[in-house]
Ligand SMILES: NC(=O)c1ccc[n+]([C@@H]2O[C@H](COP(=O)([O-])OP(=O)(O)OC[C@H]3O[C@@H](n4cnc5c(N)ncnc54)[C@H](O)[C@@H]3O)[C@@H](O)[C@H]2O)c1
C-alpha cells in the first residue's frame with residue numbers, strides 16, 4: 001500500500017492507495033468525519049458492482065448510509081443530477097458534519113464533489129475513485145463541477161476532499177477501453193514531469209495490463225504524486241497546473257468536432273499529445289526521438305496516434321473556442337524533452353495546421 005499526502009496552504013489530506021481499501025472505507029471515513037449519517041453516491045454501473053461492499057463498510061463503521069445513483073455518462077453530469085442528490089440529502093436530513101462519498105469514475109467524483117461543495121455550503125467530501133482516470137487525475141486536486149448545454153465543466157468549484165481512498169482491485173472490472181484512456185493521462189504525467197515514469201511505464205506495461213496489484217500500486221503512487229505536486233504548487237491553475245493540459249487543447253477540439261462520446265477523452269488526449277509533440281519537433285524545440293518514443297508507447301498501450309479527422313479549418317475553429325484561449329491567442333503546452341514542457345502562445349496558425357495534418361489518417 002502507499003499513501004500520498006496533499007499539502008495545501010489551507011488544507012491537507014491523504015490519498016490512500018491500497019488493494020482491498022474499499023473494505024476499510026468505513027473506518028477511514030469515521031476517523032476523519034465521525035457522524036451518525038453519511039451519503040454514498042455513484043453511477044448505476046459502479047454501484048451495481050461495488051455499492052453493496054461500500055455500503056457494508058460504511059454501515060460497519062456505524063453510519064446510517066443514504067444513497068443515490070444516476071445513469072453513467074457525460075449526459076448525466078448535470079445540474080439535474082445534482083438537484084436530485086440535494087433532494088435526497090435534504091429529505092434524509094444530512095447535516096453539516098455528514099460526510100459525502102463519491103464512489104465511481106471521474107463523472108461521479110466531479111458531480112458528487114459539486115454536491116458536497118454546495119450542500120449546506122460544504123460538507124466533508126470523500127473521493128473513492130474506481131476508474132484509472134479518476135485515480136490518477138480527477139480525484140486529486142479539488143476540481144469539481146458539472147456540464148451545462150453551453151459547455152463541459154462550466155459550473156463548478158475548487159473543493160478539496162478530506163481523503164481519497166483508492167482500491168486498485170476495482171480496476172479488475174473496468175472496461176479495457178477505459179483502462180487505456182486512463183493510461184493516456186499516466187503517459188502525459190511522464191512527458192510533462194517525469195522521464196523516469198515514462199520509461200517505467202514502457203518497461204512495466206505488460207504487468208500493468210495484467211493488473212498486477214503491486215505494479216498498479218506503484219503506477220498509482222507515482223501518478224498521484226505528480227498530480228499532487230502540481231496541485232500543491234498551483235491549486236487554482238494560475239501557472240504550472242496548466243502543464244496538465246498537455247495534449248488537451250488539441251483533444252478538446254477533436255472531442256467537440258467528433259461529438260462528445262464518439263471518441264473517448266483518453267483517445268483524444270493520445271492524439272493531442274502526438275499533435276503537440278509533432279508541433280514541438282517542427283518548431284525545433286524538441287528532438288524527433290521524443291515523438292518516436294511517445295507514439296510507440298501510446299501505440300503499444302492501444303491508444304490511437306492517427307485518426308480520421310474533420311478538415312483542419314473546423315479543428316482550428318474548435319480549438320479557438322476552447323477555454324484555454326487567452327487574449328485570443330492559443331496557449332499550447334509543448335514538450336522540450338521527456339519530463340519537461342513549456343507554455344507557448346506565439347505559434348502561428350499554419351504550424352498548428354501542419355500538426356493536425358500529421359495525425360490525420
Ligand atoms: N476534476 C478533475 O480534475 C478532472 C480531471 C480529469 C477528468 N475529469 C472528468 O472526469 C470525467 C471522466 O472520468 P472517467 O473517465 O472516470 O469517466 P466515468 O466516470 O464515466 O467512468 C467511465 C466508465 O467506467 C465505468 N466504471 C468506472 N469505474 C468502474 C469499475 N471499477 N468497474 C466497472 N466500470 C467502471 C463507469 O460506470 C463509466 O461507464 C469527465 O467528466 C472529466 O471532465 C475531471
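The values are calculated or read from the model by the stated rules, or taken from the named source; none is laboratory data. It should be emphasised that the depicted structure is a prediction, and the values quoted were computed from it without experimental measurement. Note that each Cβ is placed from the backbone with ideal geometry, even for glycine, and that neighbours are counted across all protein chains shown.
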Which one of the conditions (1) farther than 30 Å from residue 256 by Cβ; (2) surrounded by fewer than 16 Cβ atoms within 10 Å (Cβ to Cβ); (3) touching a strand residue (DSSP E or B) at 6+ places or on another chain (Cβ under 6 Å) does residue 56 fail to meet, given that it meets all the rest?
-> (3)
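Residue by residue, here is whether (1) surrounded by fewer than 24 Cβ atoms within 10 Å (Cβ to Cβ); (2) more than 19 Å from residue 133 (Cα to Cα); (3) in the same structural domain as residue 309 (by TED's automatic domain parsing) holds:
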| residue | (1), (2), (3) |
| --- | --- |
| 231 | yes, no, yes |
| 238 | yes, yes, yes |
| 248 | yes, no, yes |
| 263 | yes, no, yes |
| 271 | no, no, yes |
| 276 | no, yes, yes |
| 280 | no, yes, yes |
| 284 | yes, yes, yes |
| 288 | yes, yes, yes |
In this structure, does residue 195 turn out to be surrounded by fewer than 21 Cβ atoms within 10 Å (Cβ to Cβ), within 16 Å of the chain's Cα centre (by Cα) and either within 16 Å of the ligand (Cβ to nearest atom) or touching a residue at least 60 places away in the same chain (Cβ under 8 Å) (or both)?
-> no
Options 275, 251; residue that is assigned to a helix (DSSP H, G or I) and touching a residue at least 60 places away in the same chain (Cβ under 8 Å) = 275
Tell me, yes or no, whether segment 145-155 has at least one residue that is in the same structural domain as residue 104 (by TED's automatic domain parsing), at pLDDT 95 or above and more than 11 Å from the ligand (Cβ to nearest atom).
-> yes
Quick one: is residue 226 surrounded by 16 or more Cβ atoms within 10 Å (Cβ to Cβ), over 25 Å from residue 40 (Cβ atoms) and either within 11 Å of the ligand (Cβ to nearest atom) or in contact (Cβ under 8 Å) with a residue 40 or more places away in the chain (or both)?
-> no
Residue in segment 113-122 that is within 9 Å of the ligand (Cβ to nearest atom) and buried (at least 16 other Cβ atoms within 10 Å of the Cβ) present = yes
Looking only at segment 43-53, decide whether some residue is surrounded by 14 or more Cβ atoms within 10 Å (Cβ to Cβ) and either without any contact (Cβ under 8 Å) to a residue 12 or more places away in the chain or more than 12 Å from the ligand (Cβ to nearest atom) (or both).
-> no
